[in-house]
Amino acid sequence: MPRKPEPLFYEEQSFRQTRLRILTAIPPIALTLGAIWQVALGHRWGKQPMSDAGLIVWSIFLWLVYLRLMMVKLVTEVRPGELRVRMRGLFRSIRIPLDKMNSATAVTFDPVRDWGGYGFRRTKKGTAYLASGGEGAELRLASGALVLIGSHRAAELMTAIGQSQR
C-alpha cells in the first residue's frame, strides 16, 4: 500500500484567547453551581426547578462540550499539489488544489476588525480559518474566492505552497 508523501509544511495552532475560554466556561460553571445548590445543599433552584438528575446530566454534558471546544486545533498542511486546512475537533476541513489557485500572499491582519474574530469565518470578503495571531496566507482562487489561513509561520507556509506548485 503506497504511503502518503510527507507534508512540505505542517502546523497546529490552538485557540489561546483567554477571554474566549472564560466566556465559554460560564454556562457549565453556572449549571454546576446550580446543581450543587439544589442537589447537595437541598435548595430548589427557581420556581419550576429541573430534576436533580437533569441538572447533573446537563452539567456533565456542558462540561464535555466545553472540553471538546478547548481541544479544537487549526491544522494546516501543504502536500504536493494541495493545501489542507482542518479545524480538528469540529470536523470542518477544506482541500484546495494548488492548480486552482491564482495567487498566494503573506499578509498581516487584525482578526477582530477584519474578520470578526477567530475560528471559521465567512464574510463578503471571503473565508478565513484563524486560531491565533495576526499573520497568515491570503489565497486567491481561480473562482475569484479569497481564503485566508492564519499561521504563525506565514513565510514557511508561502515557501511550501511555492514548492508544491512546481
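Miscellaneous remarks
- Leading residue by the ranking (nearest to Glu11 (Cα to Cα)) among those in the stretch 91-132 that are in a loop (DSSP other than H, G, I, E, B) and without any contact (Cβ under 8 Å) to a residue 24 or more places away in the chain: Phe91
- Some residue of the stretch 9-17 being part of a helix (DSSP H, G or I), of a type outside the set (Val, Ile, Thr) and either touching a residue at least 12 places away in the same chain (Cβ under 8 Å) or surrounded by 12 or more Cβ atoms within 10 Å (Cβ to Cβ) (or both): no
- Residue within the stretch 25-41 that is under 20 Å from the mean Cα position of the chain (by Cα) and in contact (Cβ under 8 Å) with a residue 40 or more places away in the chain present: yes
- Note on the stretch 126-142: among residues that are at pLDDT below 90 and more than 14 Å from the chain's Cα centre (by Cα), the one that is surrounded by the fewest Cβ atoms within 10 Å (Cβ to Cβ) is Ala142.
- The set of residues from the stretch 133-166 being touching a residue at least 12 places away in the same chain (Cβ under 8 Å), assigned to a loop (DSSP other than H, G, I, E, B) and not basic (Lys, Arg) comprises Gly133, Gly134, Ala142, Ser143, Ala145, Ser151, His152.
- Here Gln48 meets the list (1) of a type in the set (S, T, N, Q); (2) out of contact with any Lys or Arg (no Cβ under 8 Å at 6 or more places or on another chain); (3) within 22 Å of Ile161 (Cα to Cα) almost entirely, failing just condition (3).
The values are calculated or read from the model by the stated rules, or taken from the named source; none is laboratory data. On a predicted model such as this, the values are computed, not experimentally measured, just so you know. Cβ coordinates were reconstructed from backbone atoms using ideal geometry, including for glycine residues, and neighbour counts include every protein chain displayed.
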